[in-house]
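Structure first, commentary second.
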Amino acid sequence: MLTRTPPLLLIAFTLAASGCGGSSGTASSSSSAGGPAPESAAALSADAKSAAAGDIPDTQNFLTLRAPQVHVSMLYPEGWTVRESVDRVSIADKNNLVQIVVSRGAAATTASVQSQLATMERSTPGLKANTAHAIALKSGPAVKVTYTTQSAPNPVTGKQVTLMVDRYVLAHGGRVAVVDLGTPVGVDNVDAYRRMVESFKWL
């Protein structure tokens, strides 16, 4: 059963943000209406203090996330930390990070998504993006691109964590969702993440 967490503990997945793990929880924010454009959906960033581990087992139980503020729903692994604000939902466990950012806008194209990632590459040291391509999900057409980012060095060991992120950009009824599913390089969550993004629904 998810417990309520005060809004001040909301995860902020920005370029400077750290990945968080820990006990399950749900939080809400009553910040002003209106979210950022999809172009402002920041790259996920790993936390060098967290273990670069976290394979999702084949026996993992999944729960259904219903996020009324952003009007979406998606499966997620039981036990992961859930945070919800006015324009986004974030779900985390160790350095496994999932974020959904929703805003008003037109459907993305492969060119527009590639342009967004190119901008992120210029402003985010260590970020490298592959080529965007169109795909079909159960919820409709989408654009997918994979990128990698590196954490800041661990202050004690100097080690960094490299995060591989699958970004999906979907649109419906004048709304655009940017879904980022990130996992440390070397951790195999391909099947679980595919199941999650295929379960994505607009509410």
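Structure values in brief
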| quantity | calculated |
| --- | --- |
| Selected residue (criterion: nearest to ALA111 (Cα to Cα)) from residues of the range 125-149 that are surrounded by 12 or more Cβ atoms within 10 Å (Cβ to Cβ) and of a type in the set (D, E, K, R) | LYS144 |
| Candidates GLN69, GLN116, GLN60, filtered to the one that is in a helix (DSSP H, G or I) and either within 17 Å of LEU163 (Cβ to Cβ) or not hydroxyl-bearing (Ser, Thr, Tyr) (or both) | GLN116 |
| Qualifying residues in the range 116-137 (those that are out of contact with any strand residue (DSSP E or B) (no Cβ under 8 Å at 6 or more places or on another chain) and in contact (Cβ under 8 Å) with a residue 40 or more places away in the chain) - the one nearest to ASN95 (Cα to Cα) | SER123 |
| Residue count, the range 65-88 (criterion: surrounded by fewer than 21 Cβ atoms within 10 Å (Cβ to Cβ) and closer than 13 Å to TRP202 by Cα) | 7 |
| Filtered residue count, the range 89-113, keeping only those that are part of a helix (DSSP H, G or I) and loosely packed, with under 14 Cβ neighbours inside 10 Å | 1 |
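For every residue, the table says whether it meets (1) closer than 17 Å to ARG88 by Cβ; (2) among the charged types (D, E, K, R).
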site: THR146; (1), (2): no, no
site: VAL161; (1), (2): no, no
site: ARG167; (1), (2): yes, yes
site: HIS172; (1), (2): yes, no
site: ARG175; (1), (2): yes, yes
site: LEU181; (1), (2): yes, no
site: ASN189; (1), (2): no, no
site: LEU203; (1), (2): yes, no
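We did not get these values from a lab; they are worked out from the coordinates using the rules stated. All values reported here derive from a predicted model rather than from experimental measurement. Reconstructed Cβ throughout: ideal geometry from the backbone, glycine too, with neighbour counts over all protein chains shown.
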